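K.L.:
Please find one structure pasted underneath; my questions will follow.
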C-alpha cells in the first residue's frame, strides 16, 4: 500500500517491512473504529470466521510464527496443546505486560492501533475456542487501558464482539485487566496467578502448563500483543505467503526496539534475520554518538546475554559452521541463540565506550533484586546478594575475589528456580563477568581485602588442615 | 595432616584446633528488650502520615465507587470474584490516592475473602501505595536505558526544585518521598517501556518522554500553573 504517508520525521527506514506498525505514526490516523474500518479493518475477521477453527490454527502453523514475547515458541503449536477432550471453558490472555527493559514495541500498538490487537484476539479466540479473553495490561499504561476499553466498546457496538459475532454464532467478551507494576507478571503463569487476584508467584511446569491448567485451572492460551497482531496479517497473506518473509524457521517480521547510545534510537519493523547488527546500528540508527565507538550490545532485553562488539562467533554445526563477526550477525532467534545469547523480546540496548561495565552491571542487578518475586530461595536471596556485591564493585570497595563470588552466585541461581526469572537475572551477570572480566577487575583491589580476626583464624586453620 | 611420628603422642595433640579469639562478653543484665508498640501485621496495614494527605478525600464507600466495583467484578466468572482484587484496588487508589486499612477491609468484604488476602496483594505490587503521595506524583524510570539517558540527574533536579529529601526512601519498602508542602512526590520506577525516548517519567497518569534534567522545571511548572 503506497498511499500511506507518515508523520514528518517518523517515516520508516527503507529497509523496514511494516505489517504490525503499518499504522503507527501514520498521517491522519487515530484510534477510532471508523478509521480502522476505512482502511480495511475487520475484513480478516469475516474471512477467519468463515473458516473452521482448525484451519485457522493450521494456517498459523504453516506461517511458522514464533512468539514475540521472548521465548520464541511457535504460536500455532502452542494453540494445539489444548487437550482435545477438553470440556472446561478455554481462556485467551493477551500479555501486554511489556516489562522487559529495552522493549517498547507493544506501547505503540496499544496506544495507536488498538483495533488491530482486538481483531487479532477475536481471530485467535475463534481458533482456540475461547469465549472470554483478557488483556493483561501493565499499570504503567493508564492511557492505553482507557483507549483499549473504548475500542472494545466501539467494536461491541458494531457487532465485532459480544454475542453472535457477525452472525457466525460465535460469542466472545474481551476485558481489560490492569496489572500493578510487577515485572514477574510478564511470566505467563505469574500473570495467570495475578489475574486470579493473588501474588504473581509463577507456577511450576510441569504440571501447570497453561494450555492444560491455566486460568482457574482451565486451558488458557497466553500470547504476546505482537504475536496476536501477526495473526491478522497471516490470514490476510495466507500462511504459505507469510512464511516467505524472513528466513527459514524465522519467518515474518519483528519489531526491534533500539535504545541507548545511538544517534537515532527507535523502533524498526524488519523481516526476521534479514538485518545484521551493522545494518541496524549504522544504517538504521545512524551509528554511534559523536566521537564515540560502540562497545557492547544487549540484543534482546536486559535478560539476554551481552555481546561485545569485537567478538566473533562460530555459527552452525559441522560443515555448515561459519565464522561470523559480531557485526555480521543477523538478528534472528536461531543465530542469536547460537551466539550464546537470545533474541528475546527484541529490545536492543547499545552501549558505547563511555560506559563503565560495572555501572551497567550494577543497574541491571538492582533491577532484578527489586523485581524478584521471592518465591524461590536461590533467586530471592541470590538476586539481592548480586546487588550487594555489584554495589561494592561500583563503589570501588570490592576485592578480586568478589568477582568470583558474584559468578558463583549467578551460576547457583541459573536453572534452579520455578520460572525463567532465575536465568533472566543470572545470565546478564554471567555474561558480563565472562566478557568484561579484566575491566571489572580493574575496579577491584586487594587493599579492600578486609578480614575480621575470626575470619583470619578460620582461614589459617583451613590452610593448616589442607 | 602429617602422619604420627611418635607413638607417645596422644591423638588429641595431633589434631589441629581452630583457635577463635574470645568475643567481648555481653552483660545479659544490661540488655533491655523493647517490645514493639505495634505488631508486624499492623505495621504493614497502616498508612503512615505524609504531607500529601490533604490532597485526597478520606476513604468512604460512595455510590459511584460501588457501581464501578460491581462492573469490575462482573468481568470475572461468578465463582472467581477474587480476580477483581487488582481492579478494585486500582479504583480505590485512583479515587483516594492510596490504599488505607479501611479500604482493604472494604475490598475484602466486597469479594468475600479475608482481608489478609487483599493485604498480601497490596504489599507485593509496587503499583499500590499505602501512603499519600503528593498532588503530582512523579515516577521516574531508573532502568538501564533511562539511566544511560540521565534519569539520576533528572531525579536530583526534581528533588532540588521541590525540596524533597529522598535520603530516607528505600527502593523496596518505602519508595515514595513527599515534598514538605505536600504538592509533589517522587519515586523511582522500574522500566516504563519507552526506552527509545529516555529518560521518561509518569506524572500521575500522564506520560512524558525525553525529560532531561534541564526540562524538569518546565515539566513541574506546567502542572502547578494549570
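K.L.:
Do we have residue A:98 as farther than 22 Å from residue A:26 by Cβ and modelled with pLDDT under 95 here?
P.N.:
Details: farther than 22 Å from residue A:26 by Cβ: no; modelled with pLDDT under 95: yes.
Taking the combined requirement at face value, the residue does not satisfy it.
K.L.:
Here's something else I'd like to know. Can you tell me how many residues in segment B:200-226 are away from chain A (no Cβ under 11 Å), at pLDDT 90 or above and over 21 Å from the mean Cα position of the chain (by Cα)? Working first, answer last.
P.N.:
Going residue by residue through segment B:200-226, those that are away from chain A (no Cβ under 11 Å) are B:203, B:208, B:211-226.
Those still in the list that are at pLDDT 90 or above too: B:203, B:208, B:211-223.
Now drop any that are not over 21 Å from the mean Cα position of the chain (by Cα), which leaves B:208, B:211-223.
Within segment B:200-226, residues that are away from chain A (no Cβ under 11 Å), at pLDDT 90 or above and over 21 Å from the mean Cα position of the chain (by Cα) number 14.
K.L.:
Going by the conditions given, is residue A:419 touching a helix residue (DSSP H, G or I) at 6+ places or on another chain (Cβ under 9 Å), buried (at least 20 other Cβ atoms within 10 Å of the Cβ) and outside any helix (DSSP H, G or I)? Walk me through it before giving the result.
P.N.:
On the way: touching a helix residue (DSSP H, G or I) at 6+ places or on another chain (Cβ under 9 Å): yes; buried (at least 20 other Cβ atoms within 10 Å of the Cβ): yes; outside any helix (DSSP H, G or I): yes.
The answer is yes for residue A:419.
K.L.:
Related question: If I ask for residues that are crowded, with 21+ Cβ neighbours inside 10 Å and either touching a strand residue (DSSP E or B) at 6+ places or on another chain (Cβ under 7 Å) or free of Cβ contacts under 8 Å to residues at least 24 places away in the same chain (or both), which ones from segment A:229-244 would you list?
P.N.:
Within segment A:229-244, A:242 is the sole residue that qualifies.
K.L.:
Mind counting the residues in segment B:123-139 that are surrounded by 24 or more Cβ atoms within 10 Å (Cβ to Cβ) and more than 9 Å from chain A (Cβ to nearest Cβ)?
P.N.:
Residues of segment B:123-139 that are surrounded by 24 or more Cβ atoms within 10 Å (Cβ to Cβ), as a first pass: B:132-134, B:138-139.
Applying the additional criterion that residues be more than 9 Å from chain A (Cβ to nearest Cβ) yields B:132-134, B:138.
Qualifying residue count, segment B:123-139: 4.
K.L.:
Which count do you get for residues in segment B:146-159 that are in contact with a strand residue (DSSP E or B) (Cβ under 9 Å, 6 or more places away or on another chain), touching a residue at least 60 places away in the same chain (Cβ under 8 Å) and either under 18 Å from residue B:98 (Cβ atoms) or within 14 Å of another protein chain (Cβ to nearest Cβ) (or both)?
P.N.:
1
K.L.:
Evaluate the following for residue B:130: is it assigned to a loop (DSSP other than H, G, I, E, B) and either more than 15 Å from the chain's Cα centre (by Cα) or under 26 Å from residue A:99 (Cβ atoms) (or both)? Give the derivation first.
P.N.:
Numbers: assigned to a loop (DSSP other than H, G, I, E, B): yes; either more than 15 Å from the chain's Cα centre (by Cα) or under 26 Å from residue A:99 (Cβ atoms) (or both): yes.
Yes; evaluated as a whole, the condition is true for this residue.
K.L.:
Can residue A:414 be described as more than 24 Å from residue A:102 (Cβ to Cβ) and without any contact (Cβ under 8 Å) to a residue 60 or more places away in the chain?
P.N.:
Details: more than 24 Å from residue A:102 (Cβ to Cβ): no; without any contact (Cβ under 8 Å) to a residue 60 or more places away in the chain: yes.
Spelling it out, it is not the case that residue A:414 is more than 24 Å from residue A:102 (Cβ to Cβ) and without any contact (Cβ under 8 Å) to a residue 60 or more places away in the chain.
K.L.:
Next up: Does any residue of segment B:80-88 turn out to be farther than 22 Å from residue A:152 by Cβ and part of a loop (DSSP other than H, G, I, E, B)? Quick ask: steps written out before the conclusion?
P.N.:
First pass over segment B:80-88, keeping only residues farther than 22 Å from residue A:152 by Cβ: B:82.
Next, only the ones that are part of a loop (DSSP other than H, G, I, E, B) stay: none.
So far as segment B:80-88 goes, no, none of its residues is farther than 22 Å from residue A:152 by Cβ and part of a loop (DSSP other than H, G, I, E, B).
K.L.:
Among the residues of segment A:435-453, write down those that are under 20 Å from residue A:358 (Cα atoms) and without any contact (Cβ under 8 Å) to a residue 12 or more places away in the chain.
P.N.:
Narrowing segment A:435-453 to residues under 20 Å from residue A:358 (Cα atoms): A:435-449.
Hits for segment A:435-453 are A:438, A:442, A:447.
K.L.:
Scan segment A:176-200 for residues that are facing another protein chain (nearest Cβ under 9 Å) and either on the phi > 0 side of the Ramachandran plot or outside any helix (DSSP H, G or I) (or both) and jot them down.
P.N.:
Residues satisfying the conditions are A:176, A:177, A:178, A:179, A:180, A:181, A:182, A:196, A:197, A:198, A:199, A:200.
K.L.:
Sticking with this structure for a sec: So how many residues does segment A:274-306 have that are in a strand (DSSP E or B) and either outside the structural domain of residue A:333 (by TED's automatic domain parsing) or out of contact with any helix residue (DSSP H, G or I) (no Cβ under 6 Å at 6 or more places or on another chain) (or both)? Let's see the steps before the verdict.
P.N.:
Step one: list which residues in segment A:274-306 are in a strand (DSSP E or B), which gives A:276, A:294-298.
Subsequent filtering for residues that are either outside the structural domain of residue A:333 (by TED's automatic domain parsing) or out of contact with any helix residue (DSSP H, G or I) (no Cβ under 6 Å at 6 or more places or on another chain) (or both) retains A:294-298.
Selection size over segment A:274-306: 5.
K.L.:
Then there is this: In segment B:160-169, is there at least one residue being touching a residue at least 40 places away in the same chain (Cβ under 8 Å) and either within 14 Å of chain A (Cβ to nearest Cβ) or in contact with a strand residue (DSSP E or B) (Cβ under 8 Å, 6 or more places away or on another chain) (or both)? Walk me through how you get there before you give the answer.
P.N.:
Residues of segment B:160-169 that are touching a residue at least 40 places away in the same chain (Cβ under 8 Å), as a first pass: B:161-162.
Imposing the further condition that a residue be either within 14 Å of chain A (Cβ to nearest Cβ) or in contact with a strand residue (DSSP E or B) (Cβ under 8 Å, 6 or more places away or on another chain) (or both) reduces the set to B:162.
Checking segment B:160-169: at least one residue is touching a residue at least 40 places away in the same chain (Cβ under 8 Å) and either within 14 Å of chain A (Cβ to nearest Cβ) or in contact with a strand residue (DSSP E or B) (Cβ under 8 Å, 6 or more places away or on another chain) (or both).
K.L.:
Same structure again: So for segment A:224-240 (the condition being in a strand (DSSP E or B) and within 14 Å of another protein chain (Cβ to nearest Cβ)), does at least one residue qualify?
P.N.:
The initial filter retains those residues of segment A:224-240 that are in a strand (DSSP E or B), namely A:224.
With the extra rule that they be within 14 Å of another protein chain (Cβ to nearest Cβ), the set shrinks to A:224.
Checked segment A:224-240: at least one residue is in a strand (DSSP E or B) and within 14 Å of another protein chain (Cβ to nearest Cβ).
K.L.:
Okay, moving on. Starting from residues that are touching a helix residue (DSSP H, G or I) at 6+ places or on another chain (Cβ under 8 Å) and in a loop (DSSP other than H, G, I, E, B), keep the ones in segment A:361-378 and report whichever is nearest to residue B:191 (Cα to Cα).
P.N.:
Filtering first and then ranking leaves A:372.
K.L.:
Moving on. Run residue A:360 past the list (1) within 13 Å of chain B (Cβ to nearest Cβ); (2) out of contact with any strand residue (DSSP E or B) (no Cβ under 8 Å at 6 or more places or on another chain) and report the number of the one that doesn't hold.
P.N.:
(2)
K.L.:
Also, I was wondering about something else. Confirm whether residue A:325 is in contact with a strand residue (DSSP E or B) (Cβ under 9 Å, 6 or more places away or on another chain) and at pLDDT below 95.
P.N.:
Details: in contact with a strand residue (DSSP E or B) (Cβ under 9 Å, 6 or more places away or on another chain): yes; at pLDDT below 95: yes.
It is true that residue A:325 is in contact with a strand residue (DSSP E or B) (Cβ under 9 Å, 6 or more places away or on another chain) and at pLDDT below 95.
K.L.:
If you take just the helices (runs of 4 or more DSSP H) that sit entirely in segment A:1-116, which of them hold at least 3 residues that are surrounded by fewer than 19 Cβ atoms within 10 Å (Cβ to Cβ) and in contact with a strand residue (DSSP E or B) (Cβ under 8 Å, 6 or more places away or on another chain)? Don't jump to the end; show me each part of the working.
P.N.:
Numbers: elements: A:33-38, A:43-50, A:53-63, A:75-79, A:105-112.
Those helices (runs of 4 or more DSSP H) do not exist here; none qualify.
K.L.:
So, of the residues in segment A:422-455 that are part of a loop (DSSP other than H, G, I, E, B) and under 38 Å from the mean Cα position of the chain (by Cα), which turns out to be nearest to residue A:311 (Cα to Cα)? Working first, answer last.
P.N.:
Of the residues in segment A:422-455, the ones part of a loop (DSSP other than H, G, I, E, B) are A:436, A:443-445, A:449-452.
Narrowing further to those that are under 38 Å from the mean Cα position of the chain (by Cα): A:436, A:443-445.
Numbers: A:436: 12, A:443: 23, A:444: 25, A:445: 28 Å.
The qualifying residue nearest to residue A:311 (Cα to Cα) is A:436.
K.L.:
I would also like to ask the following. Of the conditions (1) within 27 Å of residue A:413 (Cβ to Cβ); (2) touching a residue at least 24 places away in the same chain (Cβ under 8 Å); (3) away from chain B (no Cβ under 12 Å); (4) within 19 Å of the chain's Cα centre (by Cα), residue A:306 fails just one. Which one is it?
P.N.:
Every condition holds for residue A:306 apart from (3).
K.L.:
On the given criteria, is residue A:374 touching a strand residue (DSSP E or B) at 6+ places or on another chain (Cβ under 6 Å) and within 14 Å of chain B (Cβ to nearest Cβ)?
P.N.:
Details: touching a strand residue (DSSP E or B) at 6+ places or on another chain (Cβ under 6 Å): no; within 14 Å of chain B (Cβ to nearest Cβ): yes.
No.
K.L.:
Then there is this: Condition check: closer than 30 Å to residue B:198 by Cβ, in a strand (DSSP E or B), in contact (Cβ under 8 Å) with a residue 12 or more places away in the chain and within 14 Å of chain B (Cβ to nearest Cβ). Does residue A:136 satisfy that?
P.N.:
Values: closer than 30 Å to residue B:198 by Cβ: yes; in a strand (DSSP E or B): yes; in contact (Cβ under 8 Å) with a residue 12 or more places away in the chain: yes; within 14 Å of chain B (Cβ to nearest Cβ): yes.
For residue A:136, the condition - closer than 30 Å to residue B:198 by Cβ, in a strand (DSSP E or B), in contact (Cβ under 8 Å) with a residue 12 or more places away in the chain and within 14 Å of chain B (Cβ to nearest Cβ) - is met.
The values are calculated or read from the model by the stated rules, or taken from the named source; none is laboratory data. The model shown is predicted, which means the values in this text are computed figures rather than measured ones. Neighbour counts run over all protein chains shown; Cβ positions are idealised from the backbone, glycine included.
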